[in-house]
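Please treat every number below as a calculation from the coordinates, not as lab data. Since we're looking at a predicted model, the values are computed, not measured. Cβ atoms come from the backbone with ideal geometry, glycine included; neighbour counts cover every protein chain shown.
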Amino acid sequence: MEAWANAIGADLDDDGLPSLSTIAFHIRQALAAAGFLPRAVIRRGLLESYAPFLEQDQVIVDKIDEVLRRMILLGDCATLVTGTRDAYVATPARLVEVETGRFVLLGRAQSDRENGKDFLRKFSHLPADLGVPKMTLLDEIGVSDWRLALLQIGGRDDPTGGAMALFAHVVGMAARGERLTDIAGGNVRVLAGRGTFFGNPQAAKVEGRWQEPDQAGTFCAVRKTAIGWKRCVVNFGGKEGRVWDTPELDLWRWAVVGQTASQGDRVFELREDVIQFCLPPPLQILRIMELTADGVGPWRWKVSPSIIKFVEGLIGL
């Protein structure tokens, strides 16, 4: 086993399987060589390479899927639609200065110092031998996604007020939305509570900030449909309710951020150098955390003050 691990450059985890970092290393190599690869081809190739370590293929298949998810979140690769199959392509090579003197290598770039032990390719100084463009974190992250979401649903193209501007626009859309029926019987749950415990909107009983719809106002919500729970925003006034179904999950997450900030509640808490989000972070925030911070628990990262300020600016706090 050890000889085979050394031969393929694999770092093994406590279960004797290739680590997530090793899988990422091998996927980067494959994408750099092939240009793009369908998910099935990536799985098949790695299963063959890792065969001596495996008792059940599904264990490593799950790890491969988790690595691909994280690589997409990081910006190391992107998805392509090829007929009915998912395929992946390496993104252009670039070196991102996430903080002063801290760099992350992303995309198609190859480095002699790479190995299978580091999921995120970090450098504590500017490498002179890579020959790839250098970017700031702001260049890499781009405009706040809540702004793009606001444009998507017909809002202003130069908004002020942060994510709260998105929620303010959503309030009007919910008020003009479709008539909401089947409110009773646990079919609708609204984010009407306060506090830092978010809770699971689909739990057997309401928990955290989630409540039954028993007060007037506009709230991010979930409602039960024939195919499961659906994220939405609901408006209640008197005996009538109206609903606007958010077109995608991440827009709903940004609306939750905007509602929370509008109420004067905490989007996140800080305890020394740890940031704890009090709601499901939108993908753009998850990406910043993945690039710059060390995860220490669910919605919790060890992070520097400069990155906290960066996130606050992105949200508009």
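Listed values, structure above:
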{"quantity": "Extension gain (nm, one decimal) between SER124 and ASP182, 0.36 nm per residue minus Cα-Cα", "calculated": "15.2 nm"}
{"quantity": "Once exposed loop GluC sites (Glu not before Pro) are cut out (DSSP; at most 13 other Cβ, 10 Å), longest piece of the chain", "calculated": "56-247"}
{"quantity": "Rounded D (µm²/s) - region 79-235, Kirkwood Rh over Cα pairs, Stokes-Einstein at 10 °C, 1.306 mPa s", "calculated": "79 µm²/s"}
{"quantity": "Theoretical FRET efficiency, 1/(1+(r/R0)^6), r = Cβ-Cβ of GLU269 and THR100, R0 22 Å, to 0.05", "calculated": "0.25"}
{"quantity": "Sequence of ILE227, ILE307 once ranked by neighbouring C-beta atoms within 10 Å, starting from the fewest", "calculated": "ILE227, ILE307"}
{"quantity": "Listed pairs LYS122/LYS309; LYS205/LYS230; LYS230/LYS309; LYS122/LYS230 exceeding 27 Å between Cα atoms", "calculated": "LYS230/LYS309; LYS122/LYS230"}
{"quantity": "Value in Å of the Kirkwood radius, where region 96-182 supplies the Cα pairs that are averaged", "calculated": "16.6 Å"}
{"quantity": "Burial ordering of MET164, MET135, fewest other beta-carbon atoms within 10 Å first", "calculated": "MET135, MET164"}
{"quantity": "Nitroxide proxy distance, nm - points 7 Å out along Cα→Cβ at ALA33 and ASP86", "calculated": "2.3 nm"}
{"quantity": "Dipole in debye (nearest 20) - the chain, about Cα centre, beta carbon charges: Lys, Arg +1; Asp, Glu -1", "calculated": "980 debye"}
{"quantity": "Trypsin sites (Lys or Arg not before Pro) within region 233-314, DSSP loop, no more than 11 other Cβ atoms inside 10 Å", "calculated": "LYS239"}
{"quantity": "Calculated [θ] (222 nm, deg cm²/dmol) that DSSP helices of n ≥ 4 give over the chain, each run adding -39,500 (n - 2.57)", "calculated": "-11000 deg cm²/dmol"}
{"quantity": "GLU2/ILE72 FRET efficiency (R0 35 Å; Cβ-Cβ; nearest 0.05)", "calculated": "0.65"}
{"quantity": "Label selected from (i) 6, 23, 24, 16, 16, 11, 4, 0, 0; (ii) 5, 24, 30, 22, 12, 5, 1, 0; (iii) 5, 22, 27, 24, 15, 5, 1, 0, the criterion being P(r) over Cα pairs in 10 Å bins from 0, in percent as computed here", "calculated": "(iii)"}
